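I am attaching a structure below and will ask some questions about it afterwards.
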Amino acid sequence: MKAPKMTYARADSVAQALALLAEHGDGANVLAGGQSLMPTLNMRLSKPDLLIDINRLEDLAGISVEDDAVRIGALTRHAAVQRSPIVAEHLPLIAEAMPHVAHVAVRNRGTFGGSIALADPAAELPACILALGATITVESVRGRRDIAAADFFKGLFETERQPDELLIEIRIPCQRPGTVHAFMELSRRQGDFAIAGVACAAETDGETVTDAKLVYFASEDRPTLAANAVAAIAGKVWSDESRSAAMAALSEDLDPMDNLQGSAAFKLHLQRVLTGRVLDQAIERARAA
Amino acid sequence: MSDETKTITLTVNGESVTKLVDARTHLVDFLRGELGLTGSHLGCEHGICGACSVRLDGDVVRGCLMLAIQADGASIETVEGLTASGEVADLQENFVERDALQCGFCTPGMLITAAELLREAAPKTREEIREFLSGNYCRCTGYHAIVDAVETTLTQRLEKSS
């Protein structure tokens, strides 16, 4: 349980980090919070030639509101996101998800961008930013580009980010009037890996869900939008029938993977249960708004 | 610029330390092996158990999930430092009083994590205390006595400050 012999470089500027990535590409690992990378190093599951430590790049940390969107720097620690009044006000979905992101000691060190870049299928934040239609900015010596969250997650720990690119920031549209957010997760212990989970951003008109993004995690190889479940309820007054319809339609959206947390059938059952609960809660919040 | 070893200078429990470290050495191996500070324990070495918890610039972190080389310029506090300063003396007393440890392996991590919760001195329910400590494993006590000890300490501190 000791990391392999490796070379370490501490980047003192974004430009320097990008130059190192351009030179080493696939052979290098970016070390941000390290809360997932360090275990893989300690277990010798990865053996990079070079670790590029970006923890001193203060330019990449911070939360601000710009043009109706919240900008979260890639190096912003989970603890800072959890404490942020901006996030609490404009991104209630993220605020609700944060207590589920690991444990306090991990949140003090782990970063928002790191969770997005890693794309762990059981992680909360990739699902949230997909539900909220976020934009991810990456940069390399070749330039900067924006990637929609819908195009970013490609598979199991696979993203649209190229080996020479560094994640810079995530821009997430502020919650608009008439939309409600809800987040639910099941795990064995608070902060553990999810067995099942869903992030919901819904547009409502009275008791009717007019449109929604339901994104499931801990299920497929990446966070997954459930279009059929939403189609089953869109435009209908929320009722026991529409709840059942959404739960039934979910099997057309999800084909969960077996893993240590549970079998595919168990996970699909739990995701169905969460579907009913999360939409109940969304409607309840719409009523209260 | 990129190295397999590096000389780092950091503050550990208030004292400045300068040492040559391997890039691959994680912080707790450095604290235990190089500095003889064996209060921070190594359980799982992949961030699950919490026995290695230390303070990095004032906040609790997993000591096995950061490299010693990254602590260059940082301030680290271990359970030895917290004990010497007296910051957790009341908590330690309550751990003893309530038998909140048996083998003691998890205790340093529990103390450091609980110290972060107690720092705020705001009322907490037992459920909130459990959630806060949920990242630290204990295999002996069943947690009940640990939650008791933390709760008692918090109550005593709140009484004292009111």
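The values are calculated or read from the model by the stated rules, or taken from the named source; none is laboratory data. Computed from a predicted model, the values in this text were never measured in an experiment. In this analysis, Cβ positions are derived from the backbone assuming ideal geometry, glycine residues included, and neighbour counts consider all displayed protein chains.
Counting only residues that are touching a Ser or Thr at 6+ places or on another chain (Cβ under 7 Å), surrounded by fewer than 24 Cβ atoms within 10 Å (Cβ to Cβ) and not hydrophobic (A, V, I, L, M, F, W, C), which one in region A:190-244 is modelled with the lowest pLDDT?
Selected residue: A:190.
Restricted to region B:12-24, and to residues that are touching a Ser or Thr at 6+ places or on another chain (Cβ under 9 Å) and within 24 Å of residue A:7 (Cα to Cα), which residue is farthest from the other protein chains (Cβ to nearest Cβ)?
Filtering first and then ranking leaves B:17.
Restricting the search to region A:86-114, which residues are under 12 Å from the mean Cα position of the chain (by Cα) and touching a residue at least 40 places away in the same chain (Cβ under 8 Å)? Break it down stepwise before answering.
Within region A:86-114, the first condition is being under 12 Å from the mean Cα position of the chain (by Cα), and the residues that meet it are A:93-94, A:97-98, A:100-101, A:111-114.
A:93, A:94, A:97, A:100, A:101, A:111, A:112, A:113, A:114 - these are the residues of region A:86-114 that are under 12 Å from the mean Cα position of the chain (by Cα) and touching a residue at least 40 places away in the same chain (Cβ under 8 Å).
Output the strands (runs of 3 or more DSSP E) that fall wholly within region B:29-148 and possess 1 or more residues being more than 12 Å from chain A (Cβ to nearest Cβ) and of a type in the set (Ser, Thr, Tyr), or say none.
On the way: elements: B:53-56, B:59-62, B:75-77.
Passing ranges, in order: B:75-77.
Which residue, of A:136, A:147, A:168, A:129, is within 21 Å of residue A:58 (Cβ to Cβ) and within 15 Å of the chain's Cα centre (by Cα)?
Answer to the check: A:136.
Can you spot a residue in region B:94-106 that is within 20 Å of residue A:191 (Cβ to Cβ) and either surrounded by fewer than 13 Cβ atoms within 10 Å (Cβ to Cβ) or not assigned by TED's automatic domain parsing to the domain that holds residue B:44 (or both)?
Yes: region B:94-106 contains one or more residues that are within 20 Å of residue A:191 (Cβ to Cβ) and either surrounded by fewer than 13 Cβ atoms within 10 Å (Cβ to Cβ) or not assigned by TED's automatic domain parsing to the domain that holds residue B:44 (or both).
Given A:231, A:245, which one is without any contact (Cβ under 8 Å) to a residue 60 or more places away in the chain and more than 30 Å from residue A:115 (Cβ to Cβ)?
Matching residue, one of A:231, A:245: A:245.
Inside region A:229-252, can you point out the residues that are within 23 Å of residue A:285 (Cβ to Cβ) and not aliphatic (A, V, I, L, M)?
A:235, A:236, A:238, A:239, A:240, A:241, A:242, A:243, A:244
Out of region B:149-162, which residues are of a type in the set (Asp, Glu) and either free of Cβ contacts under 8 Å to residues at least 12 places away in the same chain or within 12 Å of chain A (Cβ to nearest Cβ) (or both)?
B:159 - this is the single residue of region B:149-162 that is of a type in the set (Asp, Glu) and either free of Cβ contacts under 8 Å to residues at least 12 places away in the same chain or within 12 Å of chain A (Cβ to nearest Cβ) (or both).
Take region B:20-46 and flag every residue that is buried (at least 18 other Cβ atoms within 10 Å of the Cβ) and at positive phi.
Result: B:45, single match.
Considering only region A:1-105, give the helices (runs of 4 or more DSSP H) lying wholly within it that have at least 2 residues that are small (Gly, Ala, Ser), more than 30 Å from residue A:180 (Cβ to Cβ) and more than 14 Å from every other protein chain (Cβ to nearest Cβ).
Correct list: empty, since no element meets the threshold.
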